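K.L.:
One structure, as structure tokens, below. Some questions next.
The values are calculated or read from the model by the stated rules, or taken from the named source; none is laboratory data. Given the structure is predicted, the values throughout are model-derived calculations rather than measurements. Cβ atoms come from the backbone with ideal geometry, glycine included; neighbour counts cover every protein chain shown.
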Number of protein chains: 2
Amino acid sequence: MQILDGKIASKAVKDQLKLQTDKLIEEGKRPPHLVAILVGSNGASETYVASKVKTCAEVGYQSTLIRFEESIEERILLDKIEQLNNDNEIDGILVQLPLPKQINESKIINAVHPSKDVDGFNQVSVGRLVQGLPTFVPATPFGIMLMLEHYKLETKGKHAVVIGRSNIVGRPMSILLSSNLYYGNCTVTLCHSHTANLNELCLQADILVAALGKPGYIKADMVKEGAIILDVGITRVDDPSTNKGYVIMGDVDFKSVAEKASAISPVPGGVGPMTIAGLMKNTMEAYLRKV
Amino acid sequence: MQILDGKIASKAVKDQLKLQTDKLIEEGKRPPHLVAILVGSNGASETYVASKVKTCAEVGYQSTLIRFEESIEERILLDKIEQLNNDNEIDGILVQLPLPKQINESKIINAVHPSKDVDGFNQVSVGRLVQGLPTFVPATPFGIMLMLEHYKLETKGKHAVVIGRSNIVGRPMSILLSSNLYYGNCTVTLCHSHTANLNELCLQADILVAALGKPGYIKADMVKEGAIILDVGITRVDDPSTNKGYVIMGDVDFKSVAEKASAISPVPGGVGPMTIAGLMKNTMEAYLRKV
């Protein structure tokens with residue numbers, strides 16, 4: 001059984017990006033520049049953004065964190081995005097989700113110019129993904145594809161079952177895995193909250209992508225012998241015995257499932273680091289397209 | 001067993017659109033206006049375009065058919081689309097596919113302004129479809145949704161198997177059926193040329209959408225008792241015994257499959273007429289959004 005170690009696989013991606021950035025600097029060019037916008041002070045969002053900023057430093061990118069109060073008006077945020085869209089020294093813009101209720105999330109996402117949409121959430125990016133055109137793939141599905149690539153896990157003709165139909169993970173993941181790509185060409189079943197016979201479908205999966213947000217939901221009796229398991233779940237579960245007061249749990253009951261799987265990504269240390277690697281690759285791509 | 005009669009279901013849609021158009025005229029407004037662009041003289045394309053123009057007349061729309069020689073340069077076509085995009089008296093623009101080899105199909109499709117993209121092939125339209133935002137749904141999947149609606153076929157929680165991953169039919173169909181829509185919320189399996197166990201998967205389908213372009217491929221032994229069968233196939237098969245020299249065949253072996261299905265769409269007279277109904281509804285929608 002192979003552990004799909006996101007720390008190792010993401011390090012390989014980051015090392016390569018660092019080499020690319022160093023070369024740019026040597027050539028007298030500026031490094032890629034990512035701007036992250038954080039509204040409010042949600043604990044998980046703070047962690048994610050901090051991690052993205054830290055990774056920028058690791059690969060040699062410039063990063064800027066712009067903070068707004070929870071009570072910010074939509075107009076102010078839109079004006080800021082417009083300004084960043086027009087700034088030639090900025091390559092990628094990401095708006096950390098979720099946003100407070102007074103703000104139309106879809107409007108904000110689609111305000112980011114497609115050429116700087118390193119999160120891949122803009123409707124143009126999504127449309128291009130569906131049509132198989134060059135685009136920015138959302139960071140988590142992109143990270144999973146990079147993971148498959150790193151561990152050279154063949155996908156063609158396999159049956160992938162994706163649980164969860166979010167715009168951020170499940171939906172684009174199902175599109176990618178079923179597309180005519182080297183790490184694609186799977187038959188894909190997309191499951192969600194209305195799926196009637198989830199256990200039965202999971203048992204058919206050669207590749208199982210769990211993105212339902214229910215800690216430990218996928219048990220060994222739902223998994224086929226030899227399956228590849230990709231756990232996208234990342235839920236904070238209260239645990240007073242720890243220093244932080246919580247633990248991070250995936251959607252997969254790792255211990256029991258690992259005994260049947262041929263390969264499995266742990267949580268933490270699996271898909272999470274790959275997501276940031278995907279974002280960093282998108283940022284370099286945005287930079288290179290501009291230059 | 002219910003025959004899903006596309007002539008009846010499309011007539012219902014068209015009758016409603018005719019009433020809407022009549023009302024517009026009574027109010028002193030102009031009717032919706034669809035422009036179709038036809039390059040070359042492919043037999044099937046000629047038939048489709050003629051049918052679209054005829055249906056415009058039926059529902060009271062204005063239509064304009066613009067023809068170009070097979071040898072046309074891409075630039076000329078792009079200029080024409082740009083001109084139509086800027087013409088306020090035109091609501092919908094469709095470019096009949098396929099296009100000749102010297103023309104980049106994707107470039108042409110994406111040149112049509114999203115607000116006039118009644119075929120729903122533009123990347124913005126596709127992105128909005130994925131994100132569940134108001135958009136133009138490609139005519140064939142839209143027609144199938146209208147068919148399900150007309151015959152009040154419940155879909156929620158059912159397992160839909162879609163065969164074929166084209167941008168025009170299979171892919172958007174799989175997205176729609178799995179979306180959080182009244183005639184959606186299916187678990188969807190998307191199959192294609194690399195699918196290993198197609199028969200086995202088809203046998204699980206409560207709803208089977210066949211869009212592979214292989215006449216008569218789906219046989220009774222691939223279909224579950226009581227399934228709903230939607231046949232998108234429309235292949236010209238040589239038949240010297242007919243006046244035209246060919247017959248139109250679907251992907252489903254109608255006679256044998258009809259005995260097991262709870263509902264089935266025939267070819268011709270099933271999904272085909274619904275496709276045009278979908279296009280007409282999109283054109284009205286484009287008109288109304290502008291006004």
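K.L.:
Restricting attention to region B:131-151, does a residue exist that is more than 10 Å from every other protein chain (Cβ to nearest Cβ) and free of Cβ contacts under 8 Å to residues at least 24 places away in the same chain? Reasoning before the result, please.
P.N.:
To start, the set of residues in region B:131-151 that are more than 10 Å from every other protein chain (Cβ to nearest Cβ) comprises B:134, B:136-151.
In the following step, the residues that additionally are free of Cβ contacts under 8 Å to residues at least 24 places away in the same chain were identified as B:134.
Scanning region B:131-151, I find at least one residue that is more than 10 Å from every other protein chain (Cβ to nearest Cβ) and free of Cβ contacts under 8 Å to residues at least 24 places away in the same chain, so the answer is yes.
K.L.:
Condition first: in the same structural domain as B:G233 (by TED's automatic domain parsing) and among the charged types (D, E, K, R). Now tell me which residues in region B:124-169 satisfy that.
P.N.:
Result: B:E149, B:K152, B:E154, B:K156, B:K158, B:R165.
K.L.:
To continue, here is another question. How many of the residues making up region B:153-180 are of a type in the set (G, A, S) and either assigned to a helix (DSSP H, G or I) or within 8 Å of chain A (Cβ to nearest Cβ) (or both)?
P.N.:
Within region B:153-180, residues that are of a type in the set (G, A, S) and either assigned to a helix (DSSP H, G or I) or within 8 Å of chain A (Cβ to nearest Cβ) (or both) number 5.
K.L.:
Can you report the number of residues in region B:177-191 which are crowded, with 23+ Cβ neighbours inside 10 Å and in contact (Cβ under 8 Å) with a residue 24 or more places away in the chain? Steps first, please.
P.N.:
Of region B:177-191, the ones crowded, with 23+ Cβ neighbours inside 10 Å are B:177-178, B:186-191.
If we keep only those that are in contact (Cβ under 8 Å) with a residue 24 or more places away in the chain too, we end up with B:177, B:186-191.
The number of residues fulfilling the criteria is 7.
K.L.:
A follow-up question, please. Being under 24 Å from A:G127 (Cβ atoms) and either out of contact with any Pro (no Cβ under 9 Å at 6 or more places or on another chain) or part of a loop (DSSP other than H, G, I, E, B) (or both) is the filter here, so list the residues in region B:102-113 that pass it.
P.N.:
Once the filter is applied, which keeps residues that are under 24 Å from A:G127 (Cβ atoms) and either out of contact with any Pro (no Cβ under 9 Å at 6 or more places or on another chain) or part of a loop (DSSP other than H, G, I, E, B) (or both), region B:102-113 yields B:I103, B:N104, B:S106, B:K107, B:I108, B:I109, B:N110, B:A111, B:V112, B:H113.
K.L.:
Could you check region A:241-291 and list, in sequence order, the residues that are of a type in the set (V, I, T) and free of Cβ contacts under 8 Å to residues at least 24 places away in the same chain?
P.N.:
Of everything in region A:241-291, those that are of a type in the set (V, I, T) and free of Cβ contacts under 8 Å to residues at least 24 places away in the same chain turn out to be A:T242, A:V247, A:I248.
K.L.:
Mind listing whichever residues of region A:57-99 are surrounded by fewer than 19 Cβ atoms within 10 Å (Cβ to Cβ), hydroxyl-bearing (S, T, Y) and in a loop (DSSP other than H, G, I, E, B)?
P.N.:
Correct list: A:S71 only.
K.L.:
Quick one: would you say B:G127 is surrounded by fewer than 22 Cβ atoms within 10 Å (Cβ to Cβ) and over 14 Å from the mean Cα position of the chain (by Cα)?
P.N.:
It is false that B:G127 is surrounded by fewer than 22 Cβ atoms within 10 Å (Cβ to Cβ) and over 14 Å from the mean Cα position of the chain (by Cα).
K.L.:
Another question about this same structure. Is it the case that A:R128 is in contact with a helix residue (DSSP H, G or I) (Cβ under 6 Å, 6 or more places away or on another chain), part of a loop (DSSP other than H, G, I, E, B), of a type in the set (K, R) and facing chain B (nearest Cβ under 10 Å)?
P.N.:
Working: in contact with a helix residue (DSSP H, G or I) (Cβ under 6 Å, 6 or more places away or on another chain): yes; part of a loop (DSSP other than H, G, I, E, B): no; of a type in the set (K, R): yes; facing chain B (nearest Cβ under 10 Å): yes.
It is false that A:R128 is in contact with a helix residue (DSSP H, G or I) (Cβ under 6 Å, 6 or more places away or on another chain), part of a loop (DSSP other than H, G, I, E, B), of a type in the set (K, R) and facing chain B (nearest Cβ under 10 Å).
K.L.:
Among the residues of region A:251-274, is there at least one that is over 30 Å from A:S115 (Cβ atoms), modelled with pLDDT under 95, under 19 Å from the mean Cα position of the chain (by Cα) and crowded, with 17+ Cβ neighbours inside 10 Å?
P.N.:
There is no residue in region A:251-274 that is over 30 Å from A:S115 (Cβ atoms), modelled with pLDDT under 95, under 19 Å from the mean Cα position of the chain (by Cα) and crowded, with 17+ Cβ neighbours inside 10 Å.
K.L.:
Right, something else. Please verify whether B:V118 is away from every other protein chain (no Cβ under 14 Å), part of a loop (DSSP other than H, G, I, E, B) and buried (at least 22 other Cβ atoms within 10 Å of the Cβ), treating the condition exactly as stated.
P.N.:
yes
K.L.:
Can I ask one more? Look through region B:181-209, keep the residues that are among the hydroxyl-bearing types (S, T, Y) and facing chain A (nearest Cβ under 8 Å), and return whichever of them is farthest from A:A160 (Cα to Cα).
P.N.:
Filtering first and then ranking leaves B:T187.
K.L.:
Condition test on A:L212, is it out of contact with any Asp or Glu (no Cβ under 6 Å at 6 or more places or on another chain) and not aromatic (F, W, Y)?
P.N.:
The answer is no for A:L212.
K.L.:
State whether one or more residues within region A:170-180 are over 22 Å from B:H159 (Cα atoms), modelled with pLDDT of 95 or more and not assigned by TED's automatic domain parsing to the domain that holds A:P98.
P.N.:
Within region A:170-180, one or more residues are over 22 Å from B:H159 (Cα atoms), modelled with pLDDT of 95 or more and not assigned by TED's automatic domain parsing to the domain that holds A:P98.
K.L.:
Name the single residue that is surrounded by the most Cβ atoms within 10 Å (Cβ to Cβ) among those in region B:31-45 being in a loop (DSSP other than H, G, I, E, B) and touching a helix residue (DSSP H, G or I) at 6+ places or on another chain (Cβ under 8 Å).
P.N.:
B:P32
K.L.:
Pull up region B:220-240, narrow it to residues that are in contact (Cβ under 8 Å) with a residue 24 or more places away in the chain and of a type in the set (D, E), then point me to the one that is farthest from B:I163 (Cα to Cα).
P.N.:
Looking only at region B:220-240, we keep the residues that are in contact (Cβ under 8 Å) with a residue 24 or more places away in the chain, and these are B:220, B:222-234, B:236.
When the remaining residues are screened for being of a type in the set (D, E), the result is B:225, B:231.
Details: B:E225: 18, B:D231: 10 Å.
It comes out as B:E225.
K.L.:
Being charged (D, E, K, R) and more than 18 Å from B:D22 (Cα to Cα) is the filter here; which residues of region B:41-71 pass it?
P.N.:
Matches in region B:41-71: B:E46, B:K52, B:R67, B:E69, B:E70.
K.L.:
Can you tell me which residue within region B:131-152, out of those that are more than 26 Å from A:G164 (Cβ to Cβ) and not in a helix (DSSP H, G or I), is nearest to the chain's Cα centre (by Cα)?
P.N.:
Applying the filter and picking the extreme gives B:F136.
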